[in-house]
1. Is at least one residue of segment 134-149 free of Cβ contacts under 8 Å to residues at least 60 places away in the same chain, outside any strand (DSSP E or B), among the polar types (S, T, N, Q) and crowded, with 24+ Cβ neighbours inside 10 Å?
2. Considering each of 228, 186 in turn, give the residue that is surrounded by 15 or more Cβ atoms within 10 Å (Cβ to Cβ) and under 17 Å from residue 46 (Cβ atoms).
3. Cβ contacts < 9 Å: first residue on the phi > 0 side of the Ramachandran plot and charged (D, E, K, R), restricted to segment 230-250; second residue in a strand (DSSP E or B) and modelled with pLDDT of 90 or more, any location; separation 6+ or different chain. Result?
4. Taking segment 22-62 as the search range and keeping residues that are of a type in the set (A, V, I, L, M, F, W, C) and loosely packed, with under 14 Cβ neighbours inside 10 Å, which one is farthest from residue 95 (Cα to Cα)?
5. Which members of segment 150-183 meet the condition of being of a type in the set (Val, Ile, Thr), modelled with pLDDT of 95 or more and either part of a loop (DSSP other than H, G, I, E, B) or touching a Lys or Arg at 6+ places or on another chain (Cβ under 6 Å) (or both)?
6. Count, please, the residues in segment 12-27 that happen to be in contact (Cβ under 8 Å) with a residue 12 or more places away in the chain and not hydroxyl-bearing (Ser, Thr, Tyr).
7. When only residues in segment 204-227 that are of a type in the set (A, V, I, L, M, F, W, C) and in contact with a Gly (Cβ under 8 Å, 6 or more places away or on another chain) count, which is farthest from residue 260 (Cα to Cα)?
8. Would you check if there is a residue in segment 3-16 being within 23 Å of residue 131 (Cβ to Cβ) and either in contact with a Lys or Arg (Cβ under 7 Å, 6 or more places away or on another chain) or surrounded by 15 or more Cβ atoms within 10 Å (Cβ to Cβ) (or both)?
Amino acid sequence: MQTEIEKLFDEKPATYTEEHFRLFARFKQALNEGAVRSAGPDSSTRTGWRVNTWVKKGILLGLRMGQIVDMSPDPVRFPLFDKATFPVKRLTPADGVRLVPGGSAVRDGCYIGRGVICMPPMYINAGAWVGEGTVIDSHALVGSCAQVGRNCHISAAAQLGGVLEPVGAMPVIVEDEAVVGGNCGVYEGTVVKRRAVLASGTILTRSTPVYDIVRNEVYRGTEDEPLVIPEEAVVVAGSRAIAHGPGKDWGISLYTPVIVKYRDAKTDARVQLEDLLR
């Protein structure tokens, strides 16, 4: 399948045939089943992840192939128009996913594990991966190709940015048992490692340094590597003073994330998701 997808992506035909659409349907089914994903674990890399470029090409191919069609459940009160290749994902009770009524949407071509809870209104885009037992809370976004591990909590209004292009760019990664607090933003391929906690309002990007006052280190992304938040780090929104120039004279400080501790029993008690909610 990989060879066929890459060839069709790189050698655009004058028209797409039924054979091409059958190829894309097989590819999208593999995305839905979790058999392929836009990024996967790789212990040989610094981040612990690798980008599967051909999968991102396949998603872009579907957008290229699709024609805009009417998807409106009610053409007057609720008009919707999108690419025919990416309708709403079909879920049934047998999938074991709680899609709570109230305006949420899950786009086709993404993996949603058993036990996932989707609180309204939230949105999961094509190419995303959401592991078993994770909660996607109200107004949260899981962007295209973002990878979320098992038993995570993506809290209300949190945003996991989507990265489809360039195809070689790392998508946002949130590993198992991590907590992304309310109104957080995780962008530009940032990797949040296992059991890390982002306190409410934390914003992570490739260009923003993260100060670890526990280990006396500063973490930064580069042009070639994303920002990586260490395992079990507890990150809060902080500030750092401008050291020179008018900013110093005016007493201005800049936003920066700060690692204030690493998870302990007290942290676990505060972020524990009650089994009763599941």
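The values are calculated or read from the model by the stated rules, or taken from the named source; none is laboratory data. Worth saying up front: this structure is predicted, and the values here are computed from it rather than measured. All Cβ positions, glycine included, derive from the backbone under ideal geometry; neighbour counts span all protein chains shown.
1. The first filter runs over segment 134-149 and keeps only residues free of Cβ contacts under 8 Å to residues at least 60 places away in the same chain, leaving 134, 136-143, 146, 148-149.
Filter once more, keeping what is outside any strand (DSSP E or B): 134, 137-140, 143, 146, 149.
Applying the additional criterion that residues be among the polar types (S, T, N, Q) yields 134, 138.
With crowded, with 24+ Cβ neighbours inside 10 Å added as a condition, the list becomes 134.
Checked against the condition, which is being free of Cβ contacts under 8 Å to residues at least 60 places away in the same chain, outside any strand (DSSP E or B), among the polar types (S, T, N, Q) and crowded, with 24+ Cβ neighbours inside 10 Å, segment 134-149 yields at least one hit.
2. Numbers: 186 fails: under 17 Å from residue 46 (Cβ atoms).
Result of the check over 228, 186: 228.
3. 232/197; 232/262
4. Narrowing segment 22-62 to residues of a type in the set (A, V, I, L, M, F, W, C): 23-25, 27, 30-31, 35-36, 39, 49, 51, 54-55, 59-61.
Next cut, loosely packed, with under 14 Cβ neighbours inside 10 Å only: 25, 35.
On the way: 25: 20, 35: 16 Å.
Here the answer is 25.
5. Of all residues in segment 150-183, those of a type in the set (Val, Ile, Thr) come to 154, 163, 167, 172-174, 179-180.
Next, from what is left, pick out any that are modelled with pLDDT of 95 or more: 154, 172-174, 179-180.
Matches in segment 150-183: 172 only.
6. If we filter segment 12-27 for residues that are in contact (Cβ under 8 Å) with a residue 12 or more places away in the chain, which is where we start, we get 12, 16, 20-21, 23-24, 26-27.
Subsequent filtering for residues that are not hydroxyl-bearing (Ser, Thr, Tyr) retains 12, 20-21, 23-24, 26-27.
Number of matching residues: 7.
7. Filtering first and then ranking leaves 227.
8. The initial filter retains those residues of segment 3-16 that are within 23 Å of residue 131 (Cβ to Cβ), namely none.
Checked against the condition, which is being within 23 Å of residue 131 (Cβ to Cβ) and either in contact with a Lys or Arg (Cβ under 7 Å, 6 or more places away or on another chain) or surrounded by 15 or more Cβ atoms within 10 Å (Cβ to Cβ) (or both), segment 3-16 yields no hits at all.
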